[in-house]
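Asker: Before anything else, here's the structure in question.
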Amino acid sequence: MAHPTVPAPDPSPKLAADPGHQLVDSHCHIVFRNFEADLDAVAQRWRDAGVVRLLHACVEPSEIAAIRALADRFPELRYSVGVHPLDTQHWHGQTAQQLRQAALDDPRVVAIGELGLDLFREQNLELQLAVLRPQLDLAFELDLPVIIHCRDAAEAMLQELGQRQAEGRCPRGVMHCWGGSPAEMEAFLALGLYISFSGTVTFAKAEDTHACARQVPADRYLVETDCPFLAPVPRRGKRNEPAYVAAVAERVADLRGESLVVVAAQSTRNAINLFGPAFGSV
């Protein structure tokens, strides 16, 4: 079946000084196979929704070449390199050097990750820490932010990052797909981290996430899809995609008593401040 043709993108898209309805999806995974059949149509929808930047997160090194090819195909895409805590089997003796070289080879690499701790599915904390620590070291070495996945592991993550902060070697970064309590959020904010809200903020029973969206400082939050996962209401349970970050931003705006224009502009500026000049210019 033929897919609609996507107009050729501007070879060097820039973010406006007053972004208005322009949006950033600060965390997505479009390299997955369930986007293969209609990715051009998906791209047209994110452009129609005002999404001017995407950050494609990497979960393990074998994805890097394919993500780089997507960045060639879609100039609005930037990406990270890293190993997810549920993919520790992909960490080997040369992985840190592989990630370092990938980051040095391409200025479109704007972060290290998706890294972190996940004790919801696995209880191998020491193994996960052994994969997390060299990635945190690499991010600090390269002066790149980290994208942190943290599920049922806030205490261990705070301990690790707090020790690094005390030693003056904690990288900046973002708590991706935030689902913790307001107290946990305050602790991560105190470490200088940003908080990123996904489609879960639209879920009726996500009361802690709602409270966090209301309370987070204006200059410290991002919005994301984490697609193809966690589609926002009313598409919950279906494939998520970058265009749906507009629904996330709209719900954050509602919770904060602000307009979508304000949240779109603020979250876009915050993303640029975190991910740096290669992510966009104000």
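Asker: Test of understanding: what is the full-extension gain from Val261 to Ala278, defined as 0.36 nm times their sequence separation minus their Cα-Cα distance? All intermediate terms of the calculation are to be shown ahead of the outcome.
Answerer: Numbers: separation 17, 0.36 × 17 = 6.12 nm, distance 2.37 nm.
Answer, rounded to one decimal: 3.7 nm.
Asker: Please report, in whole Å, how far the alpha carbons of region 91-246 spread along each principal axis, starting with the longest.
Answerer: 44, 33, 31
Asker: Oh, and also: Given 37 °C and 0.692 mPa s, how large is the Stokes-Einstein diffusion coefficient of region 164-271 in µm²/s, with Rh as the Kirkwood radius over Cα pairs? Spell out each step's value before the answer.
Answerer: Values: Rh = 14.0 Å.
Value of D from the Cα-based Kirkwood radius: 235 µm²/s.
Asker: Additional query: To the nearest 0.05, how large is the calculated FRET efficiency for Glu155 and Phe229 if R₀ is 25 Å and r is the Cβ-Cβ distance?
Answerer: Numbers: r = 25 Å, r/R0 = 0.98.
Given R0 = 25 Å and the Cβ-Cβ separation, E is 0.55.
Asker: Report the normalised scattering of region 13-136 as log10 I(q)/I(0) at q = 0.15, 0.18 Å⁻¹, calculated by the Debye formula with identical scatterers on the alpha carbons.
Answerer: Evaluating at q = 0.15, 0.18 Å⁻¹ gives log10 I(q)/I(0) of -0.74, -0.96.
Asker: At most 15 other C-beta atoms within 10 Å and a DSSP loop state: those are the exposed trypsin sites (Lys or Arg not before Pro) I care about. Give me the longest piece of the chain that has none.
Answerer: Maximal segment without exposed cleavage sites: 15-120.
Asker: What is the gain in length, in nm to one decimal, between Gln165 and Gln89 on full extension, counting 0.36 nm per residue of separation less the C-alpha to C-alpha distance?
Answerer: Numbers: separation 76, 0.36 × 76 = 27.36 nm, distance 2.82 nm.
So the extension gain works out to 24.5 nm.
Asker: Hey, what did the chain get for relative contact order, percent, Cα under 8 Å, at least 6 apart?
Answerer: Values: 557 pairs, mean separation 60.1, N = 282.
Dividing the mean separation by the residue count of the chain yields 21 percent.
Asker: Ok, one more. Over all alpha-carbon pairs of the chain, lay out the pair-distance distribution in 5 Å bins, whole %, shortest bin first.
Answerer: All Cα pairs, binned at 5 Å, distribute as 1, 6, 13, 18, 20, 18, 13, 7, 3, 1, 0, 0 percent.
Asker: Counting Lys and Arg as +1 and Asp and Glu as -1, each charge on the Cβ, what is the dipole of the chain about the Cα centre in debye, to the nearest 20? Walk me through the numbers before you get to the answer.
Answerer: On the way: 26 positive and 36 negative charges, 95 e Å.
Charge dipole of the chain: 460 debye, to the nearest 20.
Asker: Still on this structure, I have one more. Roughly how far apart, in whole Å, are the Cα centres of region 67-128 and region 248-268?
Answerer: 29 Å
Asker: In nm, give the distance between the simple-model label positions of Leu104 and Arg133, each being 7 Å from the Cα along the Cα-to-Cβ direction.
Answerer: 2.3 nm
Asker: Tell me the accessible surface of Ser62 in square angstrom (1.4 angstrom probe, heavy atoms of protein chains only), to the nearest ten.
Answerer: So the heavy atoms of Ser62 present about 90 Å² to solvent.
Asker: Next question, about the same structure. Suppose R0 equals 22 Å; then what is the FRET efficiency for Lys238 and Phe120 from their Cβ-Cβ distance, rounded to the nearest 0.05? Write down the numbers at each step before the final one.
Answerer: Numbers: r = 23 Å, r/R0 = 1.03.
FRET efficiency, Lys238 to Phe120: 0.45.
Asker: What distance in nm separates the simple spin-label points at Phe32 and Ser62, each placed 7 Å from Cα in the Cβ direction?
Answerer: In this crude spin-label approximation the distance works out to 1.7 nm.
Asker: Give me the tail of P(r) for region 139-201 as a percent: Cα-Cα pairs with distance above 17 Å. Present the calculation step by step, with values, prior to reporting the outcome.
Answerer: Values: 668 of 1953 pairs.
Percent of Cα pairs beyond 17 Å in region 139-201: 34.
Asker: Checking a compactness column here: for region 181-244, what do you get for Rg(Cα) / (2.2 N^0.38 Å), N being the number of residues?
Answerer: Values: Rg = 12.3 Å, N = 64, 2.2 N^0.38 = 10.7 Å.
For region 181-244, the normalised Cα radius of gyration comes out at 1.16.
Asker: If you don't mind, another one. If I build a Gaussian network model for the chain, linking alpha-carbon pairs within less than 10 angstrom, which residue out of Gly237, Gly113, Gly50 has the largest mean-square fluctuation?
Answerer: Answer for the Gaussian network model of the chain: Gly237.
Asker: Roll a 1.4 angstrom probe over the protein heavy atoms and tell me the percent of accessible area of the chain that is carbon or sulfur. Please list the in-between numbers first.
Answerer: On the way: 6160 of 11940 Å².
Ligands and nucleic acids excluded, carbon and sulfur give 52 percent.
The values are calculated or read from the model by the stated rules, or taken from the named source; none is laboratory data. Being a predicted model, the structure only gives us computed values, none of them experimental. We place every Cβ from the backbone using ideal geometry, glycine too, and count neighbours over all the protein chains shown. What goes into the accessible areas is simple: the full protein's heavy atoms, side chains included, and nothing from ligands, DNA or RNA. Shrake-Rupley method; radii C 1.70, N 1.55, O 1.52, S 1.80 Å.
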